[in-house]
Amino acid sequence: MDDVLVTGLGALSPLGTGVDAFWRGMHAADTAPVRVPDPLAQMDHPLMYLVPEADLPDGPEEQDGLPLGRGSQFALAAAREAVADAGLAALPGSDASGTTGTTGTSGTTGATDAGLDPRRVAVALSTGMGDTDLHEGWWTGEAPASGRWAPAFPLASVVGGWFGAQGVNTCVSNACAASGYALSMAADLIRSGEADVVIAGGAEAYSRVALACFNRLGAIDPERCRPFAAERRGTLFGEGAAVLVLESASHARARGARTVYGRLAGAGWSCDAYHPTAPEPSGEQIERAMRVALREAGAGTGSGPGAESGSGGLGFVIPHGTGTALNDVVESQVLDALTPRTPLYSVKALIGHTGGAAGAFAALAATLVLHHKTLPPNVPVGTPDPECAVPLPSGSAPMTGAYGLVNAYAFGGNNISLVFGEAAA
């Protein structure tokens with residue numbers, strides 16, 4: 001089957017606008033949450049890693065007359081950058097086509113591409129809460145100017161309509177594993193021959209109800225997101241969007257894609273269905289997902305108990321690790337057995353837990369590490385938990401190995417692991 005290549009990247013995050021800002025922020029390793037500017041956030045810990053006010057998208061606030069919430073606007077901003085980065089032009093009849101063009105976050109998309117069949121361009125985006133902010137506004141008398149109702153989960157159709165994608169447009173929303181599943185579905189669409197190009201990733205925005213629910217669960221850390229730390233007391237949410245353009249190798253070669261960042265080499269799904277909110281304590285099913293993904297990619301896992309052999313080497317892991325007590329222990333124990341001594345890079349310690357976009361941000365980080373061949377320093381989280389025997393390097397280092405493993409887990413026992421590999425020479 002055709003390799004699934006990453007040919008474009010886009011991001012909007014608490015680190016600012018664009019992929020370059022994200023990569024610089026990964027190296028700076030210095031972030032902190034802020035109080036959400038919502039007078040109705042009357043909860044014990046109204047903290048979050050927010051997209052800076054100066055970096056909020058200018059719009060559009062509507063599409064085809066329907067109002068767009070913060071999540072859709074984030075997704076559209078990141079998709080614009082990813083599509084421009086991939087060198088793809090808007091399709092005939094799309095919102096972005098025309099003589100004047102539509103300016104994205106890092107370029108202009110306006111000319112149409114006669115060689116790109118819109119029926120073979122798909123969108124697979126994910127979110128946990130979608131455009132819930134619109135609905136929360138309606139509940140408190142803050143309806144959009146148009147006054148029109150809008151769906152809560154329109155992200156894929158918003159991006160698909162903007163670009164003119166006439167293939168599958170699907171929005172995945174199985175909680176915090178959602179964007180991992182979206183990327184895996186995108187790869188399946190390419191490998192099965194149903195699509196040449198898929199705009200894939202995830203977006204998440206501040207939602208009063210989501211933050212309030214985690215406060216009621218007692219699952220919010222009062223200081224910061226501290227995965228694998230001895231003093232961690234829960235997670236802290238972040239917002240933003242990460243989008244990757246995935247493309248079949250044959251299509252990328254035929255059009256002369258200007259940059260190939262890497263490839264999505266393997267994916268593994270599992271579901272333990274153990275508890276609505278808690279991971280299954282043995283970690284059997286998250287290990288199963290990791291093994292399937294590593295085997296599909298042909299990536300070795302080093303030596304030690306439970307390790308597998310394979311061609312190539314695993315250079316790093318971007319864990320799910322949210323800062324919650326049981327989740328971090330279970331994942332670290334599996335990693336210690338399956339991928340011993342493999343360094344971890346925690347995206348959540350940097351930008352918080354971005355919910356339905358967490359897997360996409362992890363995939364973005366993994367792709368950048370592979371492309372630049374450098375593993376940035378982890379954000380300091382304090383004294384490590386002795387039950388979490390995983391290495392979290394504090395300094396930047398050259399990447400070893402040809403693969404990176406990404407994990408994303410969700411309520412209900414939904415687990416996914418992805419393996420990204422270096423681009424073929």
Practice task
Kindly provide the set of residues from segment 235-259 that are in contact with a Ser or Thr (Cβ under 6 Å, 6 or more places away or on another chain) and farther than 16 Å from A32 by Cβ, ordered by number.
Solution key: V245, E247, A252, A257
Fill in the blank from the handout: Listed by first then second residue, the pairs whose first member lies in segment 9-24 and is assigned by TED's automatic domain parsing to the domain that holds A205, whose partner is at pLDDT below 95, with beta carbons under 6 Å and at least 6 positions apart or on separate chains, are T17/T105; G18/T105; G18/S106
Practice task
Please identify the pairs in which a residue from segment 42-70 that is in the same structural domain as T31 (by TED's automatic domain parsing) has its Cβ atom under 8 Å from the Cβ atom of a residue that is in a strand (DSSP E or B) and among the polar types (S, T, N, Q), counting only partners at least 6 apart or on another chain.
Solution key: V51/S13; D55/T17
Exercise for the section: Residue by residue through segment 358-404, note down the ones that are farther than 29 Å from G234 by Cβ and not hydroxyl-bearing (S, T, Y). Expected result: L370, H371, H372, K373, A397, P398, M399, G401, A402
Practice task
State whether one or more residues within segment 371-382 are out of contact with any helix residue (DSSP H, G or I) (no Cβ under 7 Å at 6 or more places or on another chain), of a type in the set (S, T, Y) and crowded, with 24+ Cβ neighbours inside 10 Å.
Solution key: no
Fill in the blank from the handout: Expected single match for out of contact with any helix residue (DSSP H, G or I) (no Cβ under 8 Å at 6 or more places or on another chain), among the small types (G, A, S), within 14 Å of G180 (Cα to Cα) and surrounded by 22 or more Cβ atoms within 10 Å (Cβ to Cβ) among A349, A358, A408, A366 is A366
Practice task
Working only within segment 22-51, note down all residues that are surrounded by 19 or more Cβ atoms within 10 Å (Cβ to Cβ) and assigned to a helix (DSSP H, G or I).
Solution key: F22, W23, G25, M26
Exercise for the section: Tell me, yes or no, whether segment 238-260 has at least one residue that is surrounded by 24 or more Cβ atoms within 10 Å (Cβ to Cβ) and at positive phi. Expected result: yes
Problem - Top-ranked residue of segment 212-222 - restricted to ones that are touching a residue at least 24 places away in the same chain (Cβ under 8 Å) and closer than 25 Å to L392 by Cβ, ranked as surrounded by the fewest Cβ atoms within 10 Å (Cβ to Cβ) - result: P222
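The values are calculated or read from the model by the stated rules, or taken from the named source; none is laboratory data. Quick caveat, the model's predicted, so the values are computed rather than measured. FYI the Cβ positions are ideal-geometry reconstructions off the backbone, even for glycines, and counts take in every protein chain you see.
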